Amino acid sequence: MGQLEDIERLRKKRNRRQNLKRLGAFLLILAIFFGGWFLWERIKETSLAEQFAGGLAELGSGSGYPMEFSGATIRQMESMGNVLLVLTDTHLHIYNKNGKLVREVQHNYSNPVMKCSGSRIILYDPSSKLLRVESKSKTVKEMHFEEPVLFAVLSAKNDLAVITNTQRFLGQISVYDHSLEEAVFSWKSAENYLYGAAFSPDGKSICVSSIQVSAGDLVSSLTMYRLDEESPFAQRQYVDEVIHNLCYQNGELQVLTGQTAYYYSESGKEKATFFFQNESLRTFCVKGEKVSALVLGDYREFKSVKLSILGDSGEETGTVSLRSPVEAIDVSGSRTALLADGHITICNAKGELVKEFSPDQDVLFLSLSGGHLYYATPNAIYQESLF
């Protein structure tokens, strides 16, 4: 009897081992499948060679921070993943987190504008017909247009939308996929001036802001297009309001005017509104992160302003009362950094203090990136850990 029980135990043990092997093989096949699918999706978005070259370019140790930086006027400073982008009046400088100069790109723009996605950067000038597409390792393409580039934006998948002047219309928007060959979508407006746009998170639709004067009223418009259709699937108008910014945040479209933040689903259905309660919008930072940061109020009249932090559907997750005007602001993830009266303050989504310090020199620009804050003074760029 004991011998039979031993045999039964051995049989069950062997079966368990076989089942574990089968489960392991199944999970391995599943991991390979999803890994291949994810890799294919990335390859479709941007060439694998470009991604690989960009990753290699980030590597290496630099001299660290602070990093001396003088002799040029900084126009913009942005974080793109693990690299810092510094746009001056003559060059685009790309640095890794160790302060190593990854790439330096000269430009000839009088009023340069920089935008970025996860892996590409665009440079343009509203008075120039040339737009440049750059990566961390090379110039991807120089695009020449018949009229000046008024506005441009990249999608998360590196699709490109460009708004230009046009002789017979009030504006034209052209959309290119990541290959930047022929336009996959185009719309010319005969009634409204086009001046802003944002891609949906999946890159399959685009929303456009425009403005016109109708019956003596200033009217801003939101028009939403699917890139494979000629007619808009949603339209909104805002009388006596100017659209300052369009951005998708947490899967919802935020339309920011001087009086209200409107929220819409990807199908164009209105989901929420956040009214500023007669407090004027002074400045803002909306970048498609978990939160957006608005500075409301009139400091000259009331000697104070309010930082309002908005989460999903315009829910005000936190507020901070400030006794000084805000000079610079940035958001990353759920954190907000702001410069006021020489002090840099970092808050979480609830408006609670994460870190505060006072640099020894005047701060010109700041940029949040993961666990670091970068800020530029007239002579150097500094890196401050948030931990």
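The values are calculated or read from the model by the stated rules, or taken from the named source; none is laboratory data. These figures come from a predicted structure and were not determined experimentally. Methodologically, a virtual Cβ is constructed for each residue, glycine included, from the backbone with ideal geometry; neighbour enumeration extends over all protein chains shown. Side chains included, ligands, DNA and RNA excluded: accessible areas come from the protein's heavy atoms. Shrake-Rupley method; radii C 1.70, N 1.55, O 1.52, S 1.80 Å.
Within the set of other residues whose C-beta is less than 15 Å from the C-beta of N379, count the net charge using Lys and Arg as +1 and Asp and Glu as -1. Walk me through the intermediate numbers first.
Numbers: positive: none; negative: E68, D360, D362.
Summing Lys and Arg as +1 and Asp and Glu as -1 gives -3.
Accessible area per residue for the range 77-175 in Å², computed with a 1.4 Å probe and the full protein assembly in place, what is it?
Values: 3830 Å² over 99 residues.
I get 39 Å² per residue for this part.
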(message) What are the ³J(HN,Hα) couplings of the range 269-279, residue after residue, when phi is run through the Karplus curve with 6.51, -1.76, 1.60 and θ = phi - 60°? Round to Hz, x for glycine and proline.
(response) 7, 5, 10, 6, 9, 10, 8, 7, 6, 6, 9
(message) Could you give each residue of the range 140-153 its phi-based ³J(HN,Hα) in whole Hz, using Karplus coefficients 6.51, -1.76, 1.60 with θ = phi - 60°, and x for Gly or Pro?
(response) 6, 6, 10, 10, 10, 10, 6, 10, x, 7, 7, 7, 8, 8
(request) For K355, enumerate residues with amide H under 5 Å from its amide H, sequence gap 5+ or separate chain, H modeled in the peptide plane. (result) I346
(message) Skipping prolines and chain starts, which residues have an amide H placed within reach, meaning under 5 Å, of the one on H107, given they are 5 or more residues away or on another chain?
(response) H91, L92
(message) Tell me the relative contact order for the chain as a rounded percent, counting alpha carbon contacts under 8 Å between residues six or more apart.
(response) 8 percent
(request) Give me the compactness ratio for the chain, meaning the Cα radius of gyration over 2.2 N^0.38 Å. (result) 1.18
(message) Per q in 0.12 Å⁻¹, report the Debye log10 I(q)/I(0) for the range 269-364, using one uniform scatterer on each alpha carbon and no solvent.
(response) -0.36
(request) Give me the percent of the accessible area of the chain that comes from carbon and sulfur atoms, probe 1.4 Å, all protein chains in place. (result) 50 percent
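Between N98 and Q361, what FRET efficiency comes out of the Förster formula 1/(1 + (r/R0)^6) with R0 = 22 Å and r the beta carbon distance, rounded to 0.05? Please list the in-between numbers first.
Values: r = 22 Å, r/R0 = 1.01.
It comes to 0.50.
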(message) I'd like the distance between the alpha-carbon centres of the range 68-133 and the range 298-369, rounded to an integer number of Å.
(response) 24 Å
(request) Step through the table entries K157/K355; K204/K271; K157/K188; K97/K303; K287/K350; K138/K355, compare each Cα-Cα distance with 27 Å, and write down the pairs that go over it. (result) K157/K355; K97/K303; K138/K355
(request) Report ³J(HN,Hα) in whole Hz for each residue of the range 184-193, in order, from the Karplus equation J = 6.51 cos²θ - 1.76 cosθ + 1.60 where θ = phi - 60°; Gly and Pro get x. (result) 8, 7, 8, 9, 10, 9, 9, 10, 10, 7
(request) State, as an integer percentage, the relative contact order of the range 136-189 based on alpha-carbon contacts under 8 Å between residues 6 or more apart. (result) 24 percent
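Which order do the peptides 144-156, 366-378 come out in when sorted by mean C-beta neighbours inside 10 angstrom, highest first? Display every interim value, and only then the final one.
Details: 144-156: 17.6, 366-378: 19.8.
My ranking of the peptides, most packed first, is 366-378, 144-156.
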(request) Mind listing the long-range amide H neighbours of A380? Cut-off is under 5 Å, sequence gap 5 or more, other chains count too, H placed in the peptide plane at 1.01 Å from N. (result) F69
